[in-house]
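The values are calculated or read from the model by the stated rules, or taken from the named source; none is laboratory data. What you see is a predicted model, and the numbers here were worked out from it, not measured in a lab. All Cβ positions, even for glycine, are placed from backbone atoms using ideal geometry, and neighbour counts span all protein chains on display. Keep in mind that these areas ignore ligands, DNA and RNA; they rest on the heavy atoms of the full protein, side chains included. Shrake-Rupley method; radii C 1.70, N 1.55, O 1.52, S 1.80 Å.
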Amino acid sequence: MKPIILPAIDIKDGNCVRLVKGDFNTVTKVFSSPIDSAENFSSCGAKNLHIVDLDASLTGKPENADIILQIKEKTGLEIEVGGGIRDIDTVKYYLKNGIDRVILGTAAVENRNFLIEAINLYPDKIAVGIDSENGFVKTKGWTKSTNLNYLDFAKELENLGVQTVIFTDISKDGTLSGPNFEQLKNLKYACDLQIIASGGVKDIEDIKNLKNLGVYGVICGKSLYQGTLNLKEALAVATES
């Protein structure tokens, strides 16, 4: 499988930022603006973007929607958006305004009726974020712990009709320490879902290893901003036979 490479843009207070392990106390501005960052990724050959509205992940409202829609308008890239999407009106708003996929996180855990409604309406445009720490799912912008095992959750999502999941090992996110290959393998063997790997990607070797694992997509954030991964090289490796 040739994985999709998704450069990541996290937006907080209108800025393009990165966090370490999802900790809002580690916010660092990494580019002049989210729009400039998106245009830079596009100029390097990216076809896809992963965007998270960090403010929305805390408030449950699409705080940076205007910026996200500007990015779509200016770049024309395939964009998936996550962060605080907790009602069907927000899902419809993003999809009707050109966003290609919407990511549900907290709401997928806490409001199964909403999740089912979203999947029934837009089966191929919904992804669910499985944000895991020590094997257990966390919600509310990674601030709330649950007793829900990530594999059990994945199997339940598959049974409900979810097609795509984004798996993040929170302890790896923003650390450049490599993805959690063991948990990704377990996830791959446990269910038949399109898996987008997120968290810890450092360099081209990680891209090669994730490609060999057969994941559907790879989210790259800090590695691109800090230069440990070259986006053009990552795109080339991902698409070669």
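A few comments on the model shown:
- Among Ser57, Ile9, Gly98 - extreme Cα towards positive end, dipole of the chain, charges at beta-carbon: Ile9
- Counting only protein heavy atoms and using a 1.4 Å probe, the accessible area of Ile4 comes to about 40 Å².
- On the basis of the beta-carbon distance and an R0 of 35 Å, Lys208 and Glu78 show a calculated FRET efficiency of 0.95.
- Rounded to the nearest 500, the 222 nm mean residue ellipticity of the chain from helices alone is -11000 deg cm²/dmol, with -39,500 (n - 2.57) taken per DSSP H run of at least 4 residues.
- Relative contact order (percent, whole number), region 157-241, Cα cutoff 8 Å, 6+ residue spacing: 29
- Cα-only Debye scattering, the chain: base-10 log of I(q)/I(0) at q = 0.12, 0.13, 0.17, 0.18 Å⁻¹: -0.59, -0.71, -1.33, -1.53
- For Lys188, the aspartates and glutamates whose Cα falls under 17 Å of its own Cα, not counting residues fewer than eight places away in the same chain, are Asp131, Asp152, Glu156, Glu158, Asp169, Asp206.
- Dipole moment magnitude, nearest 20 debye, region 120-241 about Cα centre, only Lys, Arg, Asp, Glu C-beta charged: 220
- Solvent accessible area, Å² - Leu151, 1.4 Å probe, full protein context: 40
- Other residues with beta-carbon under 14 Å from the beta-carbon of Leu229 carry, at +1 per Lys or Arg and -1 per Asp or Glu, a net charge of +2.
- Dividing the convex hull volume of the alpha carbon atoms of region 1-56 by its residue count gives 93 Å³ per residue.
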